[in-house]
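Data first, discussion second: the structure below is written as structure tokens.
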Amino acid sequence: MPGSLPSSARRLEVLAEPPRSHIVCRVCGRIASVPLETEALLELERLSRQRPDGWNVDQISLSLTGACARCRQGVIPSA
């Protein structure tokens, strides 16, 4: 049907929130958002269909872990 969204885009619309991603510093716990491109959003949606029987998905969140620039440089954040 002209003007309709692909099925994957319709699937994303039923989520409680749009998919999101962030990176967490394993040293200091700092968190920063990581923008998601359309291809990544569609891949996350595809992965959300690989769930155990009886489960549903209402939120997609991708979490990356690493060390922030301050911690890699040995800068200790003030408390």
Legend entry - Search result, residues across segment 13-25 that are in contact with a strand residue (DSSP E or B) (Cβ under 9 Å, 6 or more places away or on another chain) and loosely packed, with under 12 Cβ neighbours inside 10 Å: E17
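Quick check: anything in segment 36-52 in a loop (DSSP other than H, G, I, E, B), surrounded by 15 or more Cβ atoms within 10 Å (Cβ to Cβ), modelled with pLDDT under 90 and within 16 Å of the chain's Cα centre (by Cα)?
No, every residue in segment 36-52 fails to be in a loop (DSSP other than H, G, I, E, B), surrounded by 15 or more Cβ atoms within 10 Å (Cβ to Cβ), modelled with pLDDT under 90 and within 16 Å of the chain's Cα centre (by Cα).
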Inset, instruction - Please go through segment 53-71 and pick out each residue that is surrounded by 10 or more Cβ atoms within 10 Å (Cβ to Cβ) and under 16 Å from the mean Cα position of the chain (by Cα). - result: V57, Q59, I60, S61, L62, S63, L64, G66
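The values are calculated or read from the model by the stated rules, or taken from the named source; none is laboratory data. In this text, all values refer to a predicted model and were calculated from it rather than measured experimentally. Because the Cβ atoms are built from the backbone with ideal geometry, glycine has one as well, and the counts that use them run over all protein chains shown.
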